[in-house]
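**Q** Handing you a structure now.
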Amino acid sequence: MLTIGRFAPSPTGPLHFGSLVAATASYLAARQAQGKWLLRIEDIDKPREQSGAANAIIQTLGSYGFEWDGDILYQSQRQDAYRASLAALQTHTYPCTRSRKGLPTLPAIRVRTPDDPICFTDNIQGNYCQRLSRDVGDFVLLRADGLFAYQLAVVVDDAFQGVNQVVRGADLLDNTPRQIWLQQLLGLPQPNYAHVPLVLNEFGQKLSKQNLAPALNTSERLQTLVAALRFLQQPCPDACEFSSLSACWGWAIAHWDMHYLKPSQA
Ligand code: GLU
């Protein structure tokens, strides 16, 4: 079966080293399997979006030598698909209004969650289970502000694009049972999952746009890529051993081995 992987950044700021690590792992896993690697811009949360970030992300990925297959999918163009899936889930959902004094309330739509555990085997983190009703509770699919939630959009688009290999940061490990639950309700196939360890800053926090992780360096790309490969525990030679960025990619695709990565706490 053809492997189809993807990288799905949200355009809330520029790419940082943590996003490079996640992109690199998903790219190498797909390319080593001679599969496809897709790029999807998750621009569904307009209030959190930073203007110009989507193009900056695409440009940075290109400058680092990532080559994606086909057209870039933009979630902002996929509202009809999310609406149709929400309608298909109607018997499992309910509107939920949390009133706040003095504020007009709008209903969010939540999906009911099961008491039985949802378990899956992550290719890096091993077996992972969650009892959604207890650990998460009924979760939002359509927000009160009218925006579709990430959980619904990601499931609909992974299935639409035929993604069967999801490699992403370990901060999303505990979102996965929610996504598997939606796949089950919608009758969609379940991709294989691998959650790579997170890059932490000096305070032990995940690098993120919220805690102002620096944008990726675009002048020392080869050194930065080597650093990402080493973070991913690949026994990568020094940057000076490679004549070019593409020589480094060639080495990385030929030698990629996910087994070097050990389970981590998300
Ligand atoms: N858009 C999400 C983010 O940037 C990632 C979604 C995913 O890989 O499932 O954190």
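Computed from the coordinates by the stated procedures, all read-outs in this text should not be read as laboratory data. Bear in mind that the values here come from a model prediction, so they are computed numbers and not experimental data. Methodologically, a virtual Cβ is constructed for each residue, glycine included, from the backbone with ideal geometry; neighbour enumeration extends over all protein chains shown.
**Q** Just how far, in whole angstrom, is the range 239-266 from the range 177-192 if you go by their alpha carbon centroids?
**A** 30 Å
**Q** Right, something else. Mind checking the full-extension length gain between Cys129 and Phe203? Use 0.36 nm per residue of separation minus the Cα-Cα distance, one decimal, nm.
**A** 23.8 nm
**Q** May I ask which residue of Ser85, Tyr27, Asn201 lies farthest towards the positive end of the charge dipole of the chain, with charges of +1 (Lys, Arg) and -1 (Asp, Glu) on Cβ and the Cα centre as origin?
**A** Ser85
**Q** Could I ask something else about it? About the Cα centre of the range 114-191, what is the dipole size in debye to 20, counting +1 per Lys and Arg Cβ and -1 per Asp and Glu Cβ, all else neutral?
**A** Using only the charged Cβ atoms, the result is roughly 40 debye.
**Q** Provide the packing ranking of 207-217, 237-247, i.e. peptides ordered by the mean count of other C-beta atoms within 10 Å per residue, highest first.
**A** My ranking of the peptides, most packed first, is 207-217, 237-247.
**Q** Do any cysteines of the chain lack a neighbour Cys whose Cβ is under 4.7 Å away, and which are they?
**A** Cysteines of the chain left without a disulfide-compatible partner: Cys96, Cys236, Cys240, Cys248.
**Q** May I pose another question? Over 23 Å, how big is the tail of the calculated P(r) for the range 1-90, in percent of all Cα pairs?
**A** Pairs farther apart than 23 Å: 30 percent.
**Q** Roughly how far apart, in whole Å, are the Cα centres of the range 26-88 and the range 104-131?
**A** Computed from Cα coordinates, the inter-centre distance equals 23 Å.
**Q** Pairs of Cα atoms under 8 Å, at least six residues apart: use those to get the relative contact order of the chain, whole percent.
**A** Dividing the mean separation by the residue count of the chain yields 24 percent.
**Q** While we're on this one: Over the Cα atoms of the chain, how large are the radius of gyration and the largest Cα-Cα distance (Dmax), in Å?
**A** 19.1, 65
**Q** Another one. For the chain, with a Gaussian network of springs between Cα atoms less than 10 Å apart, report the residue from Gly35, Gly169, Gly204 with the top mean-square fluctuation.
**A** Judging by the Gaussian network model, the answer is Gly204.
**Q** Pull up all non-local amide H partners of Ala149: gap of 5 or more, or a different chain, and H-to-H distance under 5 Å with H placed in the peptide plane.
**A** Leu142, Arg143
**Q** Suppose each label sits 7 Å from its Cα in the direction of the beta carbon; what would the Lys46-Ala215 distance come out to in nanometres?
**A** 2.4 nm
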